[in-house]
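Data block below; observations after.
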Amino acid sequence: MAKKKAWGGRFGGETDRFVEEFTASIPFDVLLYRHDIAGSVAHARMLGKRGILPKAEAERIVKGLVAIRGEIESGKFPFDLSDEDIHMAIERRLIRRIGPVGGKLHTGRSRNDQVATDLRLYLREEIDEILELLAGIEETVVSRAEELFGIVLPGYTHLQRAQPILFSHYLLAYREMFARDADRFLEARRRVNVSPLGAGALAGSTFPLDRAFTARALGMDGVCENSIDAVSDRDFAADFLYACAVTMMHLSRLAEEMVYWSSSEFRFLSLPDALCTGSSIMPQKKNPDVAELIRGKTGRAYGNLTNLLTLMKGLPLAYNRDMQEDKEPVFDSARTVKDCLIGANLLLRGMEVNEERMRAACDDGFLTATDLADYLARKGVPFRKAHEITGKIVRHCEERGARLKDLSLKELRAFSKAIGEDVRSAISLTNSVRLRKTRGGTGAQAVRDRLSSLRKK
Ligand code: ARG
């Protein structure tokens with residue numbers, strides 16, 4: 001038997017059972033219970049302070065709400081689908097616990113400004129957790145870059161061996177991405193942390209509410225300036241989902257590298273057993289599932305962003321019930337990003353780097369061809385010409401199955417008289433990396449400088 005609805009006054013019959021299920025958000029928005037209670041506590045205190053409710057009544061409401069939080073946390077709260085959403089569930093329970101005075105909590109408030117407040121409080125908390133996880137993975141990347149300093153591997157473009165790079169330099173590329181991710185979340189947080197309370201259903205309130213008071217009580221930086229916008233805006237959620245999507249894109253690229261670098265073809269890395277699983281049929285298999293799932297879950301993060309943007313695009317102002325659909329994508333992305341940051345951090349911390357394999361891979365593929373061209377250019381050969389000469393040398397090597405360093409000085413000089421004895425060191429791996437001194441480049445000193453500037457931060 002469905003219970004009487006809080007909004008039941010103007011309704012004759014009972015709500016259809018299907019409609020009750022179809023419209024209920026309580027199965028997922030229960031996640032907002034703490035934020036809902038925090039918002040209600042601030043609202044009740046404000047009502048008391050402004051004399052909209054007698055102080056004693058406001059205090060009874062606050063006490064009731066705190067007790068309800070305890071009930072939910074200890075699993076004693078009687079949830080019921082007929083409550084529709086977490087806001088109604090808590091209000092019904094409040095009235096049951098403290099009597100009709102509980103019905104005064106909703107004075108000067110609507111579920112529309114209430115739910116927007118809840119979602120903002122929830123997001124603020126999630127963002128803070130994500131920022132901590134980002135700081136954690138950033139720390140891992142920097143400390144592994146310090147630990148593994150000196151290891152050289154091929155850098156790739158088009159997934160073709162291109163130029164040798166320091167593994168530390170590669171790792172620090174991800175530190176830049178994670179730092180930008182943190183920036184994006186901070187930016188989103190700034191727009192999240194503004195209070196819609198007092199906007200009412202859409203037009204404001206006839207009660208002398210103190211909007212600044214509730215905002216301050218909730219630790220928010222200010223109030224939404226337009227009541228219509230306050231209840232219809234979900235930009236802050238889209239900002240969050242975008243920040244999640246980009247973070248996942250970064251994690252997915254990292255995961256992809258872990259997957260193929262740990263394959264037998266590469267063997268650049270080995271991932272710890274604790275982070276891999278086996279195959280049910282092939283006994284030899286050790287699969288990089290965590291990395292694969294990070295890559296795979298990126299799809300949902302993109303989907304969630306598209307979901308919300310599509311959900312919002314046709315909605316007339318102000319609140320529409322469609323907007324109840326904003327929650328699941330937001331919850332899902334928050335959880336996904338947090339899990340994947342934890343997983344990626346474990347992978348980064350646990351991976352073992354195969355220095356020999358990386359170095360051996362630098363040995364073929366003519367990785368120092370650019371260094372040879374640069375060498376010629378330093379001897380005064382125009383770079384375009386130097387490029388062409390080097391190209392011919394590479395082809396010569398390929399025809400003979402030789403590497404650049406296998407050619408004798410005589411053979412090299414047959415291509416250009418500008419080549420001298422010092423070419424050997426110029427095209428050595430060590431020099432190739434050492435010479436890239438440009439700020440932000442892979443040169444040992446440049447990377448060391450970057451590491452120390454990061455440590456100073
Ligand atoms: N469950 C609703 C949501 O999540 C709460 C707001 C409902 N407002 C309303 N006027 N029906 O959006």
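What list of ³J(HN,Hα) values in whole Hz, one per residue of region 397-414 in order, does the Karplus curve 6.51 cos²θ - 1.76 cosθ + 1.60 (θ = phi - 60°) give from phi, with Gly and Pro shown as x?
Going residue by residue, I get 4, 4, 5, 9, x, 10, 9, 3, 6, 7, 6, 7, 4, 4, 4, 5, 5, 4 Hz, with x marking Gly and Pro.
Helix-only estimate, please: 222 nm mean residue ellipticity of the chain, summing -39500 (n - 2.57) across DSSP H runs of length 4 or more and dividing by its residues, to the nearest 500.
The per-residue figure over the chain is -19500 deg cm²/dmol.
Search the structure for amide H atoms under 5 Å from the amide H of Gly155, placed 1.01 Å from N in the peptide plane, and list their residues when 5 or more places away or on another chain.
When sequence neighbours closer than 5 places are left aside, the close amide H contacts are Ala162, Gln163, Ile165.
Less than 18 Å apart at the alpha-carbon level, and either on another chain or at least 8 residues along: which lysines does that give for Lys456?
Counting by Cα, and skipping residues close in sequence, Lys456 has no lysines nearby.
Take the cross-link list Lys49/Lys327; Lys55/Lys104; Lys4/Lys49; Lys379/Lys405 and give me the ones stretching past 21 Å between alpha-carbons.
Over 21 Å apart, Cα to Cα: Lys49/Lys327; Lys4/Lys49.
Between helix 369-378 and the chain, what is the angle of the helix's C-alpha long axis to the longest principal axis, kept within 0 to 90° and rounded to the nearest 10?
Roughly 70 degrees between the two axes.
Students often forget the sequence filter, so: which aspartates and glutamates lie under 15 Å Cα-Cα from Lys338 once same-chain residues fewer than 8 apart are removed?
Correct list for Lys338: Glu125, Glu126, Asp128, Glu129, Glu132, Glu138, Asp181.
Determine the order of His387, His106 by accessible area, beginning with the largest, at a probe radius of 1.4 Å.
The ordering from most to least exposed comes out as His387, His106.
Tell me the carbon and sulfur percent of the accessible area for the chain, rounded to whole percent, probe radius 1.4 Å.
Heavy-atom surface of the chain belonging to carbon and sulfur, 1.4 Å probe: 53 percent.
Quick one: which residues, 5 or more positions from Thr442 or on another chain, have an amide H under 5 Å from its amide H? H modelled 1.01 Å from N in the peptide plane, none for Pro or chain starts.
For Thr442, whose amide H was placed from the backbone, there are no distant partners under 5 Å.
Could you put Tyr122, Tyr302 in order of accessible surface area, largest first, with the 1.4 Å probe and the full protein assembly present?
Largest accessible area first, the list is Tyr302, Tyr122.
When ligands, DNA and RNA are left out and all protein chains stay put, how many square angstrom of accessible area per residue does region 110-213 have with a 1.4 Å probe?
38 Å²
Taking 0.36 nm per residue of separation and subtracting the Cα-Cα distance, what length does fully extending Ser279 through Arg349 add?
Value of the extension gain: 22.8 nm.
How would region 349-457 be classified by its alpha-carbon gyration tensor: rounded, prolate or oblate, with rounded meaning a/c under 1.5 and the a/b versus b/c comparison settling the rest?
Here region 349-457 falls in the oblate category.
Across bins of 10 angstrom width beginning at 0, how are the C-alpha pair distances of the chain distributed, in whole percent?
The distribution over the chain is 4, 16, 21, 17, 14, 11, 8, 5, 3, 1, 0, given as percents.
The values are calculated or read from the model by the stated rules, or taken from the named source; none is laboratory data. Nothing here was measured: the structure is a model prediction, and the numbers come from that model. To get the accessible areas, we keep the full protein, side chains included, count just its heavy atoms, and leave off ligands, DNA and RNA. Shrake-Rupley method; radii C 1.70, N 1.55, O 1.52, S 1.80 Å.
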